[in-house]
Every structure is written in structure tokens, then in C-alpha cells.
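Note sheet for the following structure.
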Amino acid sequence: MGSIHSAAQDTFDFEDLKVSCDRPTFDVTDFGAVPDGETDNSKAFARAWMKACAAPGRPAVVVPRGDYLLHPVVFRGPCRGYVEMRVAGVVRAPAGLDAFWGYHEWINFAGIDGLLVTGGGTFDGRGASSWHLNDCPRKPDCVPPPSSIKLGGVRNATIAGVTSLDSKFFHVVIVGSHDVEIRHVSIRAPRDSPNTDGVHIQGSSNIRITDSAVGTGDDCVSVGPGSADVTVSGVSCGPGHGISVGSLGRSPGEADVRRLRVSNCTIAGTANGVRIKTWRSGARPASSAVSGLVFEDIVMRRVRNPIIIDQEYCPYLSCHHQSERRPSVVKISDVKFRNIRGVSATKVAVKLSCSAASPCRGLELRDIDLRYVRRGVATVSRCANVAGGVAGGTLVPPSCI
């Protein structure tokens, strides 16, 4: 296992930052942006973006050092060339939620083919000003606060060498996008910040998250419906809820999750390690499938549920009524857990709780070595509704497949 570097260490590829003499640049301060931390700079940023978007070649929107207040803004394509947004300063969201009426995101990159967000700067969502207003952990019909950065309908995009701090909701959301890479980023929020997922992926393909540090109050990475060909590698995760597939099965018509590989990661002090979570079925069952998943070469450090499949997922206070709902019909198959080792904070280090209506198939446990944090006490594994699988190599705890 190699060491994990954060964005603060400036380890990203500086080839991304080279600027040729003929590459047009658009400095937001030339369009009226004021780096005083108080002036709303959304119009200045939007004007700079429009000029860059219309320019040929590889234009760059430049955000120099300084403190820039930015109200909700949409950076919309299609653009004429491959556009770079080079942020060296600190871009801050408005405090509270008053400025976000009608917006689901703070910064929205939409309909762009060819995008690079880089520069070593910070996107500060100022989530502490609004986390107490978020009732989504308690109410299933809540109105979510805004996410910090959205890539919607984007292709050929890279986010590299920047920091996302204290989002109000999710930090980075990737929806309906393809060929996206996130590398050498730092994503940070306190352990008790609600719904601050690091990167959420949905309806997207060929997504790579590599060599990054993510510590939040929710999933470090969450892979939602319609995600395919996703790679998570070299990620340091913690605090948070781990690296999760799901939740799935809540809404009818959800697309499948296919071909995910999580490797060479360290997960520390989290509620879960690697997890697949699906809801029990309601009146309109959401039937989808999860297949072709590989979790390998992962170190766990004091993780409460290092390996977990949970097909009875429900985070709300009303969950005691779950017995009235039918078992999940989400099909889980061809999932491999390989070379996962470290320390479990609970005795149940492996929990494979599959659905009675659709048992898990084709599971593999190989070279699992998860010891309980208390010496002399053995870890155990628990399985329910697992219809076949294979186990081999070192198995601590002993396999229940």
C-alpha cells in the first residue's frame, strides 16, 4: 500500500497548469470580481466563463489568490474549446440558505465537453452555517440543501489539485456525465456534518477517483443508480461512512450499477468500510441489479463495519415500521472482496445481509484478515440469504459463505 497524498501537498500533475503564450486567459478580476470576501462575484465569474466558453483552443478562466464570495452560478456549455478553470484563491459560498432558493447546487458545470478544474485553490461551502437546517437525516420527504459542485451532462472532465471544504450537502455530484477524472483532491467536512458525501456518482460512466483524501460526515464516495465503469483507487477515507454502493431500490425505474473497482485505499475511523446498501421494497418495488464489483487491497483502521452488504437499509426514525415492507428485490451478484485487512471496531467484521426475495449470488471472500480492536477477542462473520459463493486464502474471521 502506497502512501496517500492530499491536495494540500500539491502532488497533482503540474503539466495541467502549463500555459502556452497563445492560450487565451480570462481573469475574473478583469470582469469586476472583487476578492474581499463580501462582494457577490457571480456575475463577474459568469461573464469570464462566457468569454472563455466562446474562445477557441484551450482558454482558461483564472481566479487569482484572494477571497471571493460567489452566489449560485451555472457554467454552461457547449463551449468552443476545452475550458480550464484555474482557481488559486478561495471561493466561498454564501452563509445560510437564503441565497439558494431555486438552486440545487452552488456551482454547476452543465453540458460541457472538455473541462479542467485545477489551480490549488479551495471551494468553501460554509456548511456549518446551515447544517442545523438540514432535516434530511430525519425526514424522507425533505428538501435537500445545495451540493457544492455538480458536473451535469459533462464529458471529458478533470478536477485536480483543489480542495472542497465544508459543503452544505454533497461536495461533488456527477450526474449524467462520462469520462470524468477526479485526482489529487482534498475533500473535508467534520464527522458530524450531515449528508456531506465526498463524491456522489449517478447515471454516469467511466469515472475515476484517484489519489485523494476524503473525510466527511457521510460516504467518502457513493455510487448510485446507473453508474458503470467506476474506479476508486488510492483514496484515503475517514472520517465518514466509508465507500458505498447505493442506496439503491428506493425509486422505480432505477438503472443498474455495473463494473466498480475499489482498490489500494485506506479507510480509517469510519462507520462502514466497503458497503452495498439497498432499501426494502415499498408498494412499487424498484428492481435493479448490482454486478461486477471488486473491492481489493484495502486497509481498514478501526472501522465499525469493514465489509457489509445491507439489504434492509433505512436511516430514518420511521425505520421501526420496516417490517411492514417487503424484502428488497435489488439483485446483487458477482461481488469480490479480496485482500482486505486491518482492524475492526466491532466483533462482526463481515456482514453479508442479503435479501430473502433476491439472495446474493457469486460472492467471493479471499484473503480477508480483519482483527478485533480488543486483543484476544475474535471477529466473526454473519451471512443471511447468500446463495452460493467462494472463499479462500486467509480468512479472519472465518467465512460464513
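Go through region 270-292 and report how many residues are among the polar types (S, T, N, Q) and at pLDDT below 95. Show your work before the answer.
Here is the first cut: in region 270-292, the ones among the polar types (S, T, N, Q) are 270, 272, 278, 281, 287-288, 291.
Checking which are at pLDDT below 95 leaves us with 281, 287-288.
Looking only at that region, the number is 3.
A quick yes/no check of all residues on (1) among the small types (Gly, Ala, Ser); (2) at pLDDT 95 or above:
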position	(1), (2)
MET1	no, no
ALA8	yes, no
CYS21	no, no
VAL34	no, yes
GLY37	yes, yes
ALA48	yes, yes
ALA52	yes, yes
ARG92	no, yes
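Could you tell me how many of the residues in region 241-268 are under 23 Å from ARG338 (Cβ atoms), among the small types (Gly, Ala, Ser) and either surrounded by fewer than 23 Cβ atoms within 10 Å (Cβ to Cβ) or without any contact (Cβ under 8 Å) to a residue 40 or more places away in the chain (or both)? Lay out the reasoning, then the answer.
Step one: filter region 241-268 for residues under 23 Å from ARG338 (Cβ atoms), giving 241-246, 248, 256-268.
If we keep only those that are among the small types (Gly, Ala, Ser) too, we end up with 242, 244, 246, 263, 268.
Subset that is either surrounded by fewer than 23 Cβ atoms within 10 Å (Cβ to Cβ) or without any contact (Cβ under 8 Å) to a residue 40 or more places away in the chain (or both): 244, 263, 268.
Here the count works out to 3.
Please pick out the residue among PRO194, PRO190, PRO225 that is under 20 Å from SER147 (Cβ atoms), touching a residue at least 24 places away in the same chain (Cβ under 8 Å), touching a Leu at 6+ places or on another chain (Cβ under 8 Å) and not hydroxyl-bearing (Ser, Thr, Tyr).
Working: PRO194 fails: touching a Leu at 6+ places or on another chain (Cβ under 8 Å); PRO190 fails: touching a Leu at 6+ places or on another chain (Cβ under 8 Å).
The unique qualifying residue is PRO225.
Is it the case that SER147 is more than 27 Å from ARG301 (Cβ to Cβ) and of a type in the set (Ser, Thr, Tyr)? Steps first, answer last, please.
Working: more than 27 Å from ARG301 (Cβ to Cβ): yes; of a type in the set (Ser, Thr, Tyr): yes.
For SER147, the condition - more than 27 Å from ARG301 (Cβ to Cβ) and of a type in the set (Ser, Thr, Tyr) - is met.
Which one of GLY152, GLY203 is surrounded by fewer than 22 Cβ atoms within 10 Å (Cβ to Cβ) and either within 14 Å of ASN108 (Cα to Cα) or of a type in the set (Phe, Trp, Tyr) (or both)?
Numbers: GLY203 fails: either within 14 Å of ASN108 (Cα to Cα) or of a type in the set (Phe, Trp, Tyr) (or both).
GLY152 is the lone residue from the list that is surrounded by fewer than 22 Cβ atoms within 10 Å (Cβ to Cβ) and either within 14 Å of ASN108 (Cα to Cα) or of a type in the set (Phe, Trp, Tyr) (or both).
I need a count of the residues in region 206-217 that are crowded, with 24+ Cβ neighbours inside 10 Å and either of a type outside the set (A, V, I, L, M) or touching a helix residue (DSSP H, G or I) at 6+ places or on another chain (Cβ under 8 Å) (or both). Spell out the reasoning first.
If we filter region 206-217 for residues that are crowded, with 24+ Cβ neighbours inside 10 Å, which is where we start, we get 207, 209, 212-214, 216.
Checking the rest, the ones that are also either of a type outside the set (A, V, I, L, M) or touching a helix residue (DSSP H, G or I) at 6+ places or on another chain (Cβ under 8 Å) (or both) come to 212-213, 216.
Adding up the residues that qualify gives 3.
In the list ALA99, ALA95, which residue meets the criterion of being surrounded by fewer than 19 Cβ atoms within 10 Å (Cβ to Cβ), assigned to a helix (DSSP H, G or I) and in contact (Cβ under 8 Å) with a residue 12 or more places away in the chain? If you could, list the steps in order and put the result at the bottom.
On the way: ALA95 fails: assigned to a helix (DSSP H, G or I).
Exactly one of ALA99, ALA95 is surrounded by fewer than 19 Cβ atoms within 10 Å (Cβ to Cβ), assigned to a helix (DSSP H, G or I) and in contact (Cβ under 8 Å) with a residue 12 or more places away in the chain, namely ALA99.
For LEU69, only one of the following conditions fails: (1) surrounded by fewer than 18 Cβ atoms within 10 Å (Cβ to Cβ); (2) more than 24 Å from SER177 (Cα to Cα); (3) at pLDDT 95 or above. What is its number?
(1)
If GLU105 meets every condition in (1) within 27 Å of PRO56 (Cα to Cα); (2) surrounded by 20 or more Cβ atoms within 10 Å (Cβ to Cβ) apart from one, which number is that one?
(1)
Taking the residues in region 348-398 that are basic (Lys, Arg) and within 26 Å of TRP279 (Cα to Cα) as candidates, determine which candidate is nearest to the chain's Cα centre (by Cα). Before you say what the answer is, go through the steps one by one.
Of the residues in region 348-398, the ones basic (Lys, Arg) are 351, 361, 366, 371, 374-375, 382.
Going one step further and asking which of them are within 26 Å of TRP279 (Cα to Cα), we end up with 351, 361, 382.
Numbers: LYS351: 23, ARG361: 26, ARG382: 28 Å.
The selected residue is LYS351.
Condition first: in a loop (DSSP other than H, G, I, E, B) and either hydrophobic (A, V, I, L, M, F, W, C) or buried (at least 24 other Cβ atoms within 10 Å of the Cβ) (or both). Can you find one or more residues in region 229-237 that meet it? Write out each step before concluding.
At the first step, the residues of region 229-237 found to be in a loop (DSSP other than H, G, I, E, B) are none.
Checking region 229-237: not a single residue is in a loop (DSSP other than H, G, I, E, B) and either hydrophobic (A, V, I, L, M, F, W, C) or buried (at least 24 other Cβ atoms within 10 Å of the Cβ) (or both).
From the list LEU352, LEU370, exactly one residue is touching a residue at least 40 places away in the same chain (Cβ under 8 Å), within 17 Å of GLU312 (Cα to Cα), buried (at least 17 other Cβ atoms within 10 Å of the Cβ) and of a type in the set (A, V, I, L, M). Which is it? Working first, answer last.
Working: LEU370 fails: within 17 Å of GLU312 (Cα to Cα).
When all the criteria are applied, what remains is LEU352.
Taking ASP197, is it in a loop (DSSP other than H, G, I, E, B) and crowded, with 22+ Cβ neighbours inside 10 Å?
Details: in a loop (DSSP other than H, G, I, E, B): yes; crowded, with 22+ Cβ neighbours inside 10 Å: yes.
The answer is yes for ASP197.
The values are calculated or read from the model by the stated rules, or taken from the named source; none is laboratory data. Keep in mind the model is a prediction, meaning the values are calculated, not measured. Glycine gets a Cβ as well: all are built from the backbone with ideal geometry, and neighbour counts include every protein chain shown.
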